[in-house]
Structures are given as structure tokens and as C-alpha cells.
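Peer 1: Please find one structure pasted underneath; my questions will follow.
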Amino acid sequence: MENLKEYKYDIIILGGGPAGLSAAIYAGRAALNSAIIDTGVTGGWLNKILEIENYPGFPMVNGFDLAEKIEEHADKFGVQKHIMQTITGIDLYSPVKKIKTNEGIFIADSVIIATGAHPQKLGVPGEEELAGRGVSYCAVCDGAFFKDKVVSVVGGGNSAVEEALYLTRFASKVNIIHRRNELRADKMYQERALDNPKVNFILDSVVNSINGRDKVESITLKNVKTNEVIEILTDGVFPYIGYTPNSEMFKDQLQLDERGFIKTDVEMATSCEGVFAAGDIRVTPLRQIVISVADGALAATGAAKYIKEKEEVAEIAN
């Protein structure tokens with residue numbers, strides 16, 4: 001029989017990335033007892049970003065270092081962190097929210113969801129079979145394995161071009177494959193890529209398959225305008241075509257959009273009373289670190305307001 005320890009907090013924050021850590025800071029400023037629950041370690045995707053150039057006040061900062069600074073700030077308010085957890089049950093509907101993990105049962109008056117998103121997969125033959133054998137979703141993690149080799153980055157946004165530029169430190173050639181005839185990345189990144197002799201652009205093209213037996217050997221591309229199909233040699237494939245929200249566990253309790261992102265109002269409140277969402281997990285026109293930390297502040301402020309109003313109603317009832 002299970003004998004799990006019970007933890008009681010004012011606010012439970014699911015996710016320890018920039019949105020979750022920011023929420024913890026603002027919950028602490030409101031003198032509320034909060035805890036972060038994370039399936040990994042605090043910092044989230046920040047830990048995998050080598051260079052950040054668009055966070056105010058830091059012309060250039062390492063993602064791990066920025067995460068560490070935000071976490072140190074949260075620690076000043078005594079936020080409790082329960083990391084490397086396996087979440088086995090969630091009840092958001094009840095007045096008292098409940099999160100069950102392998103470590104214990106966590107109850108709180110309010111929950112802030114900041115579980116983020118993960119890289120979207122191409123969904124083509126060979127991708128699953130060759131994952132970890134040439135297919136990677138993290139250039140910082142795996143770039144060094146491709147020294148003097150040819151790699152291909154799929155996508156045309158900031159993440160794709162940034163990672164392609166990073167990969168030029170190791171690879172002899174980096175293909176950027178994009179389905180449109182121009183990139184979506186900021187002009188600054190586009191110009192850097194154009195000026196880099198190692199970068200090769202393959203536009204108006206999509207990946208039909210990733211080929212290889214024990215490792216990636218080539219990819220098959222289709223030109224979306226001419227329908228021409230070609231095969232190019234490559235040792236690695238790095239898809240950066242967007243993100244999929246980590247919202248599967250909430251789909252039956254919260255209102256999501258067609259892609260699975262959580263819908264919120266301007267105060268980050270979700271469709272469930274007392275539950276807020278912040279960062280990449282929610283519907284937003286821009287997914288950036290600065291947006292995530294702002295969302296976290298709004299979510300915690302909204303949660304604090306909700307808890308106060310709930311207490312006032314209880315006092316009147318008594």
C-alpha cells in the first residue's frame with residue numbers, strides 16, 4: 001500500500017524553467033509559500049542554450065548561467081523544489097488542487113502551469129528509428145559529435161538559424177533546409193548565416209525521409225514548387241520546426257487550442273478556477289525567455305489575488 005508524504009503549499013508551480021522560477025519569485029514577494037515540481041531539473045530548456053542575445057540587460061549570456069541567476073533569486077524567497085519527479089495524478093477541478101508524484105501528494109489553493117514545450121518532430125520515416133544516431137533536437141548537447149561532418153538543420157526561424165550557426169563550430173558543412181523561399185529568422189541571424197562559408201541554404205524544400213541503417217547517412221528532400229525529389233548526404237539532422245506543448249496531462253481539465261497550448265486570459269488565468277499558465281505552454285504570439293518570465297510574474301500575481309479573494313469569502317462565510 002502506498003504511503004506517500006503529503007505536502008501543503010499556497011501555490012504549486014509545475015515547471016522550473018524561466019516562467020516557473022519567475023512565478024516563484026513573485027509568489028515569494030507576496031509572502032506565499034510556494035513549491036516547484038519538475039520532471040527534470042530547474043532551468044528547463046535554458047540549460048541547453050549556449051548563447052542568448054535578446055534578454056534585456058545581458059547583451060550575451062549563457063543559458064545555464066541565466067537560469068542559475070534566476071534560480072538564486074527564487075531561492076531568496078525560500079521556494080521549495082521537488083525535481084526529477086514523475087507526475088502520476090492531477091486534480092485541478094477541486095477547490096483544493098492536488099498533484100500526485102512518485103515522491104508525495106502535493107496540495108495547494110492554486111496551481112501555476114509552466115511545463116513549457118518540446119521540439120516538434122518532423123514525422124517522417126527514419127526519424128524515430130535514427131533518433132540518437134544522427135537525429136538530434138539539441139545542437140548544444142550533440143554538436144561536438146559532428147566534428148568535420150556534414151549536418152542538416154530543418155527550419156527557418158531564430159532557433160534553426162542560431163543552432164545552425166552554433167553547429168558551424170564543429171561541422172564542415174551545415175545545410176539549412178526550409179519549406180519557404182525565405183527564412184523567418186531575425187535579419188541579424190540571417191546575415192550571420194549568409195556570411196558564414198560553412199552554411200548552405202536549401203529553400204522551398206521539405207524532408208521526405210531520413211535514411212540510414214545504423215546511423216543517419218542521407219535525407220530525401222522534395223521541392224515544394226517543382227516536386228523534384230533529391231537525396232543529399234548528411235551525417236546529422238537537427239529539426240527546429242516549432243514546438244509541441246507539454247500539456248498532455250491537462251487536456252481533460254483545461255481548455256486548449258487545436259495545437260494543445262493552454263488558453264489563458266491577460267492575467268494568465270486558465271479555464272479552471274485557481275489555475276494559471278505561464279510561458280511556452282500557453283497560447284501566445286511570441287515564445288521568448290523575456291515573455292516567459294513576464295508570464296510567470298503575471299501568473300503569480302493572479303494566483304495571489306485568487307487566494308486572497310478565496311480567504312475573504314471564507315471569512316465572510318464564517
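Peer 1: List every residue whose amide H lies under 5 Å from the amide H of Gly40, counting only residues 5 or more places away in sequence or on a different chain, with H placed 1.01 Å from N in the peptide plane.
Peer 2: For Gly40, whose amide H was placed from the backbone, the distant partners under 5 Å are Met84, Gln85.
Peer 1: For the chain, what are the DSSP H helices with axial Cα length of 15 Å or more and mean Kyte-Doolittle hydropathy of at least -1.0?
Peer 2: Qualifying helices: 18-29, 63-75, 289-317.
Peer 1: Here is a further query. What's the percent breakdown of Cα-Cα distances in the stretch 123-223 across 5 Å bins, shortest bin first?
Peer 2: Spelled out bin by bin, the stretch 123-223 gives 3, 13, 25, 25, 22, 10, 3, 0 percent.
Peer 1: Can I get the semi-axes of the chain's equivalent ellipsoid? Compute them from the C-alpha gyration tensor as square roots of 5 times the eigenvalues, in angstrom, largest first.
Peer 2: Semi-axis lengths for the chain are 41, 20, 18 Å.
Peer 1: Hey, fewest Cβ within 10 Å first, where do Lys76, Lys263 land in order?
Peer 2: On the way: Lys76 9, Lys263 14.
Sorted ascending by nearby Cβ count, the order is Lys76, Lys263.
Peer 1: Bins of 5 Å, beginning at zero and ending with the bin holding the largest distance: percent of Cα pairs per bin for the stretch 216-277, please.
Peer 2: All Cα pairs, binned at 5 Å, distribute as 4, 14, 16, 13, 9, 7, 9, 10, 10, 7, 1 percent.
Peer 1: I would also like to ask the following. As a test, work out the antiparallel percent of DSSP beta bridges whose residues both lie in the stretch 121-239, rounded to the nearest 5.
Peer 2: About 40 percent, rounded to the nearest 5.
Peer 1: What nm value, rounded to one decimal, do you get for the distance between Asn223 and Asp265 when each label is placed 7 Å out toward the C-beta?
Peer 2: 5.3
Peer 1: Find, among the trypsin sites (Lys or Arg not before Pro) in the stretch 89-137, those assigned to loop by DSSP (not H, G, I, E, B) with at most 15 other beta-carbon atoms within 10 angstrom.
Peer 2: Details: sites: Lys97, Lys98, Lys100, Lys121, Arg133; in loops: Lys121, Arg133.
Loop-located and lightly packed - Lys121, Arg133.
Peer 1: Between Thr244 and residues 5 or more places away or on another chain, which pairs have amide H atoms under 5 Å apart, with H built 1.01 Å from N, and which residues are they?
Peer 2: Close amide H contacts, sequence-distant or interchain: His118, Gln120.
Peer 1: Here's a follow-up. If the rule is a partner Cβ under 4.7 Å, which cysteines in the chain fail it?
Peer 2: Cys272
Peer 1: How much FRET efficiency would the formula 1/(1 + (r/R0)^6) give for Asn3 and Asn54, where r is the Cβ-Cβ distance and R0 is 35 Å, rounded to 0.05? All intermediate terms of the calculation are to be shown ahead of the outcome.
Peer 2: On the way: r = 48 Å, r/R0 = 1.36.
The pair Asn3/Asn54 has a calculated efficiency of 0.15.
Peer 1: Let me ask something else about it. Scan around Cys272 for amide H atoms under 5 Å from its own, H built in the peptide plane at 1.01 Å from N, and keep only partners 5 or more places away or cross-chain.
Peer 2: Amide H neighbours of Cys272, under 5 Å, 5+ apart: Gln255.
Peer 1: What list of ³J(HN,Hα) couplings, whole Hz, do you get for the stretch 53-58 from phi and the Karplus terms 6.51, -1.76, 1.60, once you set θ to phi - 60° and write x for glycine and proline?
Peer 2: 10, 10, 9, x, x, 10
Peer 1: Let me ask something else about it. In nm, to one decimal, how far is the modelled label at Glu248 from the one at Glu312, with both set 7 Å along Cα→Cβ?
Peer 2: Between Glu248 and Glu312, the simple spin-label model gives 4.1 nm.
Peer 1: A follow-up question, please. Applying 1/(1 + (r/R0)^6) with R0 = 30 Å to the Cβ-Cβ distance of Tyr93 and Glu68, what FRET efficiency is obtained, to the nearest 0.05? Intermediate results must be reported in sequence, preceding the final value.
Peer 2: Working: r = 36 Å, r/R0 = 1.20.
Computed FRET efficiency for Tyr93 and Glu68: 0.25.
Peer 1: Based on a Kirkwood Rh over C-alpha pairs, give the Stokes-Einstein translational diffusion coefficient of the stretch 21-141 at 37 °C and viscosity 0.692 mPa s in µm²/s.
Peer 2: 195
Peer 1: Using 7 Å Cα-to-Cβ label points, what is the Val41/Glu231 separation (nm, one decimal)?
Peer 2: The two pseudo-label positions are separated by 4.1 nm.
Peer 1: For the pair Gln120 and Arg29, what calculated FRET efficiency results from E = 1/(1 + (r/R0)^6), where r is the Cβ-Cβ distance and R0 = 35 Å, to the nearest 0.05?
Peer 2: 0.50
Each value in this text was obtained by applying a stated rule to the coordinates, not by laboratory testing. Fair warning: this is a prediction, and the values are worked out from it, not measured in the lab. Neighbour counts run over all protein chains shown; Cβ positions are idealised from the backbone, glycine included.
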